[in-house]
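Structure, as C-alpha cells:
Readers should treat all values here as calculations from the given coordinates under stated rules, not as data from a laboratory. This structure is a prediction, so every number in the text was calculated from the model and none was measured. Reconstructed Cβ throughout: ideal geometry from the backbone, glycine too, with neighbour counts over all protein chains shown.
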Amino acid sequence: MSSKFDFGMIGLGVMGRNLLLNMADHQFSVIGFDKDENKAASLEQESGNNQNVKGVVTLNEMVQQLKTPRRIMMLVPAGKPVDDVIESLLPLINEGDVIIDGGNSFFEDTLRRIKYLEEKKIHFVGMGVSGGEKGARFGPSIMPGGDVEAWKHLQPILEAVSAKVNNEPCVAYMGKGAAGHFVKMVHNGIEYAIMQLISEVYGLLKNGLQLANEELHTIFKTWNEGELQSFLIEITADIFKQKDDITGNDLVDMILDKAGSKGTGKWTSQEAMNLGISIPTIDIAVSLRSISAYKEERVAASELYDGSTTNITTDKQTFINQCGDALFVATLLCYAQGLSMLYKASEEYKTEIPLSNVVKIWRGGCIIRSTLLEKFYEAYQSNNNLPNILLDKNIAALIQSKATSLRKVIIAAVENNIAVTGIMSTLGYLDAYSTANMPTNLIQAQRDYFGAHTYQRTDKEGSFHTKWND
Ligand code: 6PG
C-alpha cells in the first residue's frame, strides 16, 4: 500500500468527518477509520469522492497508508475508549509518530498517557477542539499542548484548518504536558458560566418584564450587534425564533428546564479547589445545572415558599439596557475567573501556558468567542504576566463604567424574587477581589481561638498565637 495520506482520523462521527473534510479543503490528503462502514462511506460521499479523502474500516489499513512520521488523531469518547485506541495503535505505529487526542479528556489522564507513550518514543498531544460540528467543518479553535516537536509536525495542518481572526489562525501551542486539555477544560468552565448568566438574563426579561420570545429575539440580536457580540448571544437570538415541528409553538417554551452536562465544568471547579483559586461563577453554573435536574423537588418547593415573581417596575427600555450592561460586566468577570485559573495552573504545573495566545485563539471558532476577547488580548500584550485581567487599567475602567447596572439588575432581581445566583456571584467576586481589607482577620481570630491555628499580624512578620479569654 502506498503511503500517501497526510493525516489520519480515528472515529468518523460528524466531528471527525468534518475535520477531515476541512483538511481536504486545504489540500491535505486525509484518511479516516471507523468500524462502522456507513460512517467510512459517508466520509467519502461527503467529500464528493475526492481522491484525497479515504474512509477505511480497519485500523491497519489506515496506519499503513499514512506518511511518516504519522499524524493520527482520535475523536472518541473520553475515558477508557482513548486507552483502548492507544493499545490497538501501539503494535502498528513507529517511534516518532504523533498521536493526538482531540476529545474532551481529563488532563490528568492526558498526563498519564504522555508519560506512557514517551517511554515508547511516541508523541502524544492532548488537544482541545472547540466549535462544534460547524466549527470542525469550517474553522474551529484548536488548543494543542505537549511536546514542541510534535506541535511542529502539526502546525501547518492545524493553522490551515482553524478559524481565522484578522487573518491570524485560531490555533497556538498552549504549553507543556497536558496544557491543551487543561485550557480546553477551563474554556468549557467559562462556557458553563456565561451560559448560566445568559439564562438568568432571559429569566429576568421573560418573568420580570413579561417579554415575549419575539422581543427577546430582537433584544439579543441588537446586543449581538454591539459590544456584547459573541457566539453565545448570537445563537440565543436565533433560539427565540425557532418553532417546534411538533406543536408549532416556540420551541424554547417546549424544552424542559433540566440542564445536562458531560463533566468538563465540574472538572474545572474541582481543579480550581485543588489549586486554591476562586472561580465562583463557574462553581455556581455547575451547581445550578445540578439544581435544575431536581424538577419535581423544585415544583414542590415552589408551593411551600412564597417566591412568586413580581413585575419589575423600572422603565422597560432602561431595564433592558441595564441588563445588557450587567451581562457584559458579568461575562467579563467569568473570563477573568477562568484566565486567573490558567495563570495559577501554569505556575503550579510549570506548563508555561501563554495567556496572550489563549485569548488570541479564543477570539474565533470556539463556543466562547466574543469581541471582548480582543480587549483581553490587548491587556496581555501590554503585560503578558497578568495574574488577573481585572488588574489591567483599561479593563478596570470598562468594568467601573458599567458596574452600577450590575448592582441595579441584582437589586431588581432580589426585590422581585427572581433567582440570579450566577450574576450575583460575579458581583460578589468583583467586590471581594477589589477589597483591600477583607473581614477575614476575624476568621483567623476564630481559628486561633478554638484551634490554636495561629495568625499573622499586620504590624510584624511571623506567626502568633493568643490565649484567648484566658
Ligand atoms: C466546544 C464545546 C464542546 C461540548 C461541551 C458541552 O467547545 O465545542 O464545549 O466541547 O459541546 O462538551 O458540554 P456539556 O455537555 O457538559 O454542557
Check: Exposure proxy check: Val98, Val252, Val148 ranked by fewest other beta carbons within 10 Å?
Finding: Val148, Val252, Val98
Notebook entry, point to check: Does anyone have the angle between helix 295-304 and the longest principal axis of the chain? Alpha-carbon axes, 0 to 90°, nearest 10?
Noted result: 10
Next item on the list: Show which lysines lie in cross-link reach of Lys344 when reach means a straight Cα distance below 20 angstrom and same-chain residues fewer than eight apart are skipped.
Entry: Lys176, Lys184, Lys266, Lys360
Margin query: Using only Cα atoms and rounding to the nearest 10 degrees, what angle (0 to 90) does helix 440-451 make with the longest principal axis of the chain?
Written below: 90
Notebook entry, point to check: If one takes the longest principal axis of the Cα atoms in the chain, at what angle in degrees, from 0 to 90 and to the nearest 10, does the Cα axis of helix 280-293 lie?
Noted result: 80
Note to self: Using amide H atoms built in the peptide plane, which far-off residues or other-chain residues are under 5 Å from Val125 H to H?
What the structure shows: Ile99, Ile100, Asp101
Check: Cross-link partners among lysines for Lys316, C-alpha distance below 28 Å, same-chain residues fewer than 8 apart left out?
Finding: Lys206, Lys221, Lys241, Lys243, Lys402, Lys408
Item checked: Percent antiparallel among DSSP beta bridges (both partners in the chain, rounded to 5) -> 30
Checklist line | Burial ordering of Ile368, Ile418, fewest other beta-carbon atoms within 10 Å first | finding: Ile418, Ile368
Note to self: Output wanted: per-residue J couplings in Hz (rounded whole) for the range 459-470, from phi through Karplus 6.51 cos²θ - 1.76 cosθ + 1.60, θ = phi - 60°, x for Gly and Pro.
What the structure shows: 10, 8, 6, x, 10, 10, 9, 10, 8, 5, 6, 6
Next item on the list: Report the local net charge at Phe464: Lys and Arg +1, Asp and Glu -1, summed over other residues whose C-beta lies under 9 Å from its C-beta.
Entry: +1
Notebook entry, point to check: Where Lys and Arg each count +1 and Asp and Glu each count -1, what net charge lies around Ala452 among other residues with Cβ under 13 Å from its Cβ?
Noted result: 0
Item checked: Beta bridge orientation in the range 45-189: antiparallel %, DSSP, nearest 5 -> 40
Next item on the list: Pairs of Cα atoms under 8 Å, at least six residues apart: use those to get the relative contact order of the chain, whole percent.
Entry: 13
Next item on the list: If a/c stays under 1.5 just call it rounded; otherwise compare a/b with b/c (prolate if a/b is bigger, oblate if not). Do that for the range 1-116, with a ≥ b ≥ c from the square roots of the Cα gyration tensor eigenvalues.
Entry: prolate
Note to self: From the phi angles alone, apply the Karplus equation (6.51, -1.76, 1.60; θ = phi - 60°) to the range 328-338 and give each ³J(HN,Hα) in whole Hz, x where the residue is Gly or Pro.
What the structure shows: 4, 5, 5, 4, 4, 5, 5, 4, 4, 5, x
Check: Cross-link partners among aspartates and glutamates for Lys134, C-alpha distance below 15 Å, same-chain residues fewer than 8 apart left out?
Finding: Asp25, Glu46, Glu234
Margin query: Using the Karplus curve 6.51 cos²θ - 1.76 cosθ + 1.60 with θ = phi - 60°, what ³J(HN,Hα) values do you get for each residue of the range 178-194, in whole Hz, with x for Gly and Pro?
Written below: 8, 4, x, 6, 5, 4, 5, 4, 5, 3, 5, x, 5, 4, 4, 5, 5
